[in-house]
1. Among the residues that make up the stretch B:74-81, is at least one of them touching a Leu at 6+ places or on another chain (Cβ under 8 Å), in a helix (DSSP H, G or I) and within 14 Å of chain A (Cβ to nearest Cβ)?
2. Please pick out the residue among B:L14, B:L9, B:L48 that is crowded, with 16+ Cβ neighbours inside 10 Å and not aromatic (F, W, Y).
3. Would the stretch A:68-87 turn up any residue that is polar (S, T, N, Q) and either within 14 Å of another protein chain (Cβ to nearest Cβ) or not in a loop (DSSP other than H, G, I, E, B) (or both)?
4. Is it the case, given these coordinates, that A:L42 is within 22 Å of A:A76 (Cβ to Cβ), out of contact with any His (no Cβ under 9 Å at 6 or more places or on another chain), part of a helix (DSSP H, G or I) and not β-branched (V, I, T)?
5. Say we look at the stretch B:1-53 and pick out the residues that are over 20 Å from A:S64 (Cα atoms) and not in a helix (DSSP H, G or I); which of these is nearest to the other protein chains (Cβ to nearest Cβ)?
6. Within the stretch B:17-45, track down each residue that is surrounded by fewer than 18 Cβ atoms within 10 Å (Cβ to Cβ) and touching a strand residue (DSSP E or B) at 6+ places or on another chain (Cβ under 8 Å).
7. Checking the structure you have, find out if any residue of the stretch B:128-140 is touching a Cys at 6+ places or on another chain (Cβ under 9 Å), in the same structural domain as B:S57 (by TED's automatic domain parsing) and not charged (D, E, K, R).
8. Do you know which of the residues in the stretch A:23-32 that are more than 9 Å from every other protein chain (Cβ to nearest Cβ) and out of contact with any Phe, Trp or Tyr (no Cβ under 6 Å at 6 or more places or on another chain) is surrounded by the fewest Cβ atoms within 10 Å (Cβ to Cβ)?
Amino acid sequence: MARRRSHSPQTVRVLHALAAEPAVWRHGYDLVVTLDLKSGSLYPILIRLRDRGLLQSRWEPSESGRPPRHAYRLTAAGLAEAAAAPSERIATRRSVRRAGLETA
Amino acid sequence: MSTARVVILVASVLGRADWGHAMAAELAQVPARRRGRFVAGCLGALLLSLPGLAWASLASGLLSLAVVAAALVRYPGLVTGVGTWLAVGFFVTVVVGYVVAAAGLSTRLEESRLLVGAVLAGAGIACSWWAVGLAASVGAPTLASMAMLALGPAVAGVAGAWATARSSWVVGTECVGLASLLAGFALFLLWGGQTVAFAGRPYDAALVRDFRASGAHDLATYAVSDSLGSGMMLLLLVPLVSLVAGAAGCVVAQRAWPATTSA
């Protein structure tokens, strides 16, 4: 059986935030504010999720004079991944344990 | 240049143009006092999202610069005037250009088999040219050793044709471009590393004769200068020749299998 890839606590937060309202398209800066993540943490997660086919994106027209915005929501595979992802607390505990094992 | 354009430019160079536009569009929503941090995060994110091969290219570029720096420190006689620093400046520009191009190409080639193909083709091209060098150092040129000159371009051509048949001629050219750059770096590191480590040895009769005629004081410095110059020429010529041969392979493949390949 293929082993499921474990996610970082931040990735779990992004997955759960997007899965909370699966039909809604979310914007990058909204996720930065809502999840209190830095852009340097959020975008690598979004890029990785899209590269793995877990996230879909589309361009949305903006108000006058502003460039179109990229919007995101989970694909069916992404929703399944979010459902299978552990809670953020468990993901944090796992990543701390992993870091401990790596430094030991 | 506005910060949004900087983000778009960096993203485009790294083969993530769509993400650059996405980040730049979000920038318009960010309050002015937070923009600097947001842009810094975006630039970091673009670098973090680079594939392993892009980091390998960066490491190759840094190692190439280190080889030249080590030669300049170990053989101070290499610096003969402004011309030396101009040559070093040109070399640094070429290396930076190669690293940026290789990073962008490795991001564009998303399919892992194409990336593996580019690495194998790069290794094949480098080995072919190394074999030509070995054959030339053994003795006088023969028909067989002259025929080996076609080996590197042939490998590049086959790689270009393979990648084109697999996808499109654009992808084929990108694949062969990446292979050419990797081959250039591999050859320069082998050649330059060996030059610095062994002081440009072996010293053949022609080199000693040229050294005596040059009026230079130190044979080792003269040999290192001569050999590093050859290495830099390899770094320029091998990717160029390979790219031309590879592009020819792409054209042939596109004409041979027009139904399976597209622009």
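1. Our first condition is that a residue be touching a Leu at 6+ places or on another chain (Cβ under 8 Å); within the stretch B:74-81, this holds for B:78-79.
After this cut, where a residue has to be in a helix (DSSP H, G or I) as well, the list is B:78.
Subsequent filtering for residues that are within 14 Å of chain A (Cβ to nearest Cβ) retains none.
No: the stretch B:74-81 contains no residue that is touching a Leu at 6+ places or on another chain (Cβ under 8 Å), in a helix (DSSP H, G or I) and within 14 Å of chain A (Cβ to nearest Cβ).
2. Details: B:L9 fails: crowded, with 16+ Cβ neighbours inside 10 Å; B:L48 fails: crowded, with 16+ Cβ neighbours inside 10 Å.
None of the other options fit; the residue is B:L14.
3. Our first condition is that a residue be polar (S, T, N, Q); within the stretch A:68-87, this holds for A:75, A:87.
Then drop every residue that is not either within 14 Å of another protein chain (Cβ to nearest Cβ) or not in a loop (DSSP other than H, G, I, E, B) (or both), which leaves none.
The answer is no, given that none of the residues of the stretch A:68-87 is polar (S, T, N, Q) and either within 14 Å of another protein chain (Cβ to nearest Cβ) or not in a loop (DSSP other than H, G, I, E, B) (or both).
4. For A:L42, the condition - within 22 Å of A:A76 (Cβ to Cβ), out of contact with any His (no Cβ under 9 Å at 6 or more places or on another chain), part of a helix (DSSP H, G or I) and not β-branched (V, I, T) - is not met.
5. Applying the filter and picking the extreme gives B:S49.
6. Residues of the stretch B:17-45 surrounded by fewer than 18 Cβ atoms within 10 Å (Cβ to Cβ): B:17-18, B:28-29, B:31-37, B:40, B:44.
Answer for the stretch B:17-45, where residues must be surrounded by fewer than 18 Cβ atoms within 10 Å (Cβ to Cβ) and touching a strand residue (DSSP E or B) at 6+ places or on another chain (Cβ under 8 Å): B:D18, B:Q29.
7. Start the filter on the stretch B:128-140 by keeping residues that are touching a Cys at 6+ places or on another chain (Cβ under 9 Å), which leaves none.
So far as the stretch B:128-140 goes, no, none of its residues is touching a Cys at 6+ places or on another chain (Cβ under 9 Å), in the same structural domain as B:S57 (by TED's automatic domain parsing) and not charged (D, E, K, R).
8. Keep residues of the stretch A:23-32 that are more than 9 Å from every other protein chain (Cβ to nearest Cβ), which gives A:23-26, A:31.
Filter once more, so that each one left must be out of contact with any Phe, Trp or Tyr (no Cβ under 6 Å at 6 or more places or on another chain): A:23-25, A:31.
On the way: A:A23: 5, A:V24: 10, A:W25: 16, A:L31: 22.
Across the stretch A:23-32, the extreme among qualifying residues is A:A23.
The values are calculated or read from the model by the stated rules, or taken from the named source; none is laboratory data. Model, not experiment: these values are computed from the prediction. Don't worry about glycine lacking a Cβ; one is built from the backbone with ideal geometry, like all the others, and counts go over all protein chains shown.
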